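Single-structure report; data block below.
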Amino acid sequence: MTSANHLTQADATADVYPSRVREYPEWIERKDPVVYSAWSPDAPISRIQSEFYEQNGYLFLDSFFAEGEIAEFKNELKRLWKEGRHSEAKEVIREPGSEEVRSIFAVHQHNDLFKQLAEHPRVKGIVDYLLGGPTYVHQSRINFKPGFTGKEFYWHSDFETWHVEDGMPRMRALSCSIALEDNYDYNGPLMVVPGSHRTFISCVGQTPDQHYKESLRRQEYGVPDQDSLTKLVREHGIHTPVGKAGSIVLFDCNIMHGSNSNISPMPRSNVFLVYNSETNRLVAPYSGQAPRPGYIAER
Ligand code: 6CS
Ligand code: FE
């Protein structure tokens, strides 16, 4: 990169994180910062929290929102879920093998309440600090994981997909997951491999056309091989940051993560807001294929 803040056209089109192009997996060292601001006492998080995020690739903030604050989001979520069951909207993604609602995309575009949440100053303050400047919402979704029937999300790095399928040039994005139900170890919470954000695992396999139509239900391409996952987890272990409704997890775009299905009776629903740096706007997908639609990746 020529300067800390701007990608030249050549930087943006050079594929420094190739994936789904070779017949064998490869470990590529991260070439981008994790925290893009220097910590100072007026930063929106403590020095310890900032260092934790830098080292582990995620930060869990318990009870970030008070229960009263999230009550209306929870009601809205229930309403959207009911509406989604009978909806033909493309933003509504169904579970593999059933017609249950798995996710609803682009809630920051179509829903006033979730739009407000995406612009929440306390969230944005931390996000803009971590990514070092102005950001925009790259993707938003609600993931529903009802009791008994909610299905898993297999291990993946979000950045791998965003790079290959959406054309996100560099690692300067993160997700904020807001819990709208209490998360326990047993209701399919987010699992992260701390420290895995420092390695890009180049995946094997060619991306089928219109891959998103399958991958959002069950992802099979752009997922790492079992040997790489075994090595990563042996090295770093697995964390399951869980807490009450209103807690949030901020996690780096390249951290390895996934979640189990939910056979407990307790539902687990989260809002995911993905922020990307304004300096890291999307280019043509590195797969050479057509970009995914705007409700999945803001262009
Ligand atoms: O496709 C996406 O953008 C997100 N969804 C899945 C299932 N994997 C990659 C990424 O997290
Ligand atoms: Fe993900």
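FYI, it's all coordinate maths here, none of it is from the lab. This structure is a prediction, so every number in the text was calculated from the model and none was measured. Using ideal geometry, Cβ is built from the backbone for each residue, glycine included, and neighbour counts are taken over all protein chains shown.
Listing for the model above:
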{"read-out": "Relative contact order (%) - criterion: Cα under 8 Å, at least six apart; region: the chain", "value": "33"}
{"read-out": "Rounded if a/c under 1.5, otherwise prolate or oblate - region 73-170, Cα gyration tensor axes", "value": "oblate"}
{"read-out": "Residue with peak Gaussian network fluctuation, the chain [Cα springs, cutoff 10 Å], from Thr230, Thr135, Thr240", "value": "Thr230"}
{"read-out": "Span from the region 134-161 Cα centroid across to the region 27-51 one, whole angstrom", "value": "23"}
{"read-out": "Value of D in µm² per second that Stokes-Einstein yields for region 170-249, Kirkwood Rh from Cα pairs, at 10 °C (1.306 mPa s)", "value": "106"}
{"read-out": "Mean separation of Cα contacts under 8 Å (6+ apart) over length of region 92-193, as relative contact order %", "value": "22"}
{"read-out": "Selection from Asn143, Gly68, Pro33 lying farthest towards where the dipole of region 1-151 points positive, charges on Cβ", "value": "Asn143"}
{"read-out": "Label-to-label distance, nm, for residues given as Glu235 and Arg94 (7 Å Cα→Cβ offset)", "value": "4.1"}
{"read-out": "Diffusion coefficient, µm² s⁻¹, Stokes-Einstein with Kirkwood Rh over alpha-carbon pairs of region 233-278 at 37 °C and 0.692 mPa s", "value": "244"}
{"read-out": "Helix-only [θ]222 nm of the chain, DSSP H runs n ≥ 4, -39500 (n - 2.57) each, per residue, nearest 500", "value": "-7000 deg cm²/dmol"}
{"read-out": "Cα→Cβ-extended label distance, 7 Å offset, between Asp62 and Trp39, nm", "value": "2.0"}
{"read-out": "Cα-based Kirkwood hydrodynamic radius, region 23-76, one decimal, Å", "value": "14.6"}
{"read-out": "Contact order relative to length of region 191-299, as percent, for alpha carbon pairs under 8 angstrom and 6 or more apart", "value": "39"}
{"read-out": "Region 166-220-region 250-294 distance, computed between alpha-carbon centres (Å)", "value": "5"}
{"read-out": "Volume per residue that the Cα convex hull of the chain spans, once the total is divided by residue count, Å³", "value": "125"}
{"read-out": "³J(HN,Hα), Karplus 6.51/-1.76/1.60, whole Hz, each residue of region 96-108, x for Gly, Pro", "value": "x, x, 7, 9, 5, 6, 9, 9, 10, 8, 6, 5, 6"}
{"read-out": "Order of Tyr17, Tyr212 - criterion: other Cβ atoms within 10 Å of each residue's Cβ, fewest first", "value": "Tyr212, Tyr17"}
{"read-out": "Region 1-155: proportion of alpha-carbon pairs further apart than 22 angstrom, %", "value": "61"}
{"read-out": "Pairs from Lys145/Lys244; Lys124/Lys151; Lys31/Lys213; Lys115/Lys145; Lys78/Lys244; Lys90/Lys244 whose Cα-Cα separation, in the structure shown, is over 26 Å", "value": "Lys124/Lys151; Lys31/Lys213; Lys90/Lys244"}
{"read-out": "Ranked list, fewest to most other Cβ atoms within 10 Å of each Cβ, for Arg268, Arg170, Arg198, Arg299", "value": "Arg299, Arg198, Arg170, Arg268"}
